[in-house]
Amino acid sequence: MTIRTFIALELPEAVINKIIQIRNENAGLNYKWEPKNKLHVTLKFIGDIDVNIIEQISLEIEKLISEYGTFNLSFKKFGMFYKDKKPKIFWIGLDENENLSKFAHEIDKICNKFGVQKEQRKFNPHITLLRIKEKDNTKPLEKLLKFDLHEINFSADKVTIFKSELLPAGSVYKSIKSFYIKN
């Protein structure tokens, strides 16, 4: 049996609440924002994979985590991802963090050992705040990029393997296994 999965760095609830506060103070636009329970930093999108391989990947991640300490991070900017010159994703991005980038690269290598394709793009740690639908492309999206971002510094220590179920109303994420980084 296969399931659709990804590996993510979860954020402290206080940080998520701060991001939502900034979004709400600045938005004033009628968009369907990503819900609070979907705000995370994706470290590796795996896609459809045999459920038995997830356990093997879990064991490897557990070993890897023992080599790392808590990630000290900060948010730096808002941005957009485009497809065919149309905005598709509005995100908030993290400052460059060599330790987190190395960690994501190591997770990519672990997954590749089990047949998951290696990531071709540079790791760009971010949280997706809004998935822009075709009907949204007529709204003044440039206002989103002018959000007033206060400095947000935080530590993160929880990595989770999620199952992603695609439903007509959108995707639903369910935790499969979580790992805590010890200092």
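Contact order normalised by length for the chain, with contacts defined as Cα pairs under 8 Å and 6 or more residues apart; what percent is it? Computed over the chain, the figure is 34 percent.
Report, in deg cm²/dmol and to the nearest 500, the calculated mean residue ellipticity at 222 nm for the chain, where each DSSP H run with n ≥ 4 adds -39500 (n - 2.57) and the sum is divided by the residue count. Mean residue ellipticity at 222 nm (helix-derived): -8000 deg cm²/dmol. Summing Lys and Arg as +1 and Asp and Glu as -1 over all other residues whose Cβ lies under 15 Å from the Cβ of E165 gives a net charge of +3.
The residues of the chain have, on average, 57 Å² of accessible surface per residue, using a 1.4 Å probe with all protein chains present. Among rounded, prolate and oblate, which fits the stretch 80-183 when a ≥ b ≥ c are the square roots of the eigenvalues of its C-alpha gyration tensor, a/c under 1.5 means rounded, and a/b larger than b/c means prolate? Because a/c hits 1.5 or more and a/b exceeds b/c, the stretch 80-183 counts as prolate. Remark on T128: its backbone amide H falls under 5 Å from those of H40, a criterion applied only to residues 5 or more positions apart or on other chains, H modelled at 1.01 Å from N. Residue pairs exceeding 21 angstrom between C-alpha atoms, taken from K63/K174; K86/K146; K122/K182; K18/K85: K63/K174; K122/K182; K18/K85.
Annotation for the stretch 72-154: trypsin sites (Lys or Arg not before Pro) lying in DSSP loop with at most 14 further Cβ atoms inside 10 Å of their Cβ are K85, K118, R121, K122, K133. Take the Cβ atoms of M80 and K113, set R0 to 35 Å, and the FRET efficiency comes out at 0.55. With θ taken as phi - 60° and the Karplus curve 6.51 cos²θ - 1.76 cosθ + 1.60 applied, the whole-hertz 3J(HN,Hα) list for the stretch 167-174 is 10, x, 7, x, 7, 10, 9, 10 Hz, x standing for glycine and proline. Compared with the direct C-alpha span, the chain from E67 to N24 gains 11.7 nm at full extension, assuming 0.36 nm per residue.
Summing charges over neighbours of E119, with a neighbour being any other residue whose Cβ is under 9 Å away from its Cβ, gives +3 when K and R count +1 and D and E count -1.
The values are calculated or read from the model by the stated rules, or taken from the named source; none is laboratory data. Everything quoted here is computed from the prediction, not taken from an experiment. Note: ideal-geometry Cβ built from the backbone for every residue, glycine included; neighbour counts use all protein chains shown. Areas reflect the complete protein model, heavy atoms only, side chains present, ligands, DNA and RNA absent. Shrake-Rupley method; radii C 1.70, N 1.55, O 1.52, S 1.80 Å.
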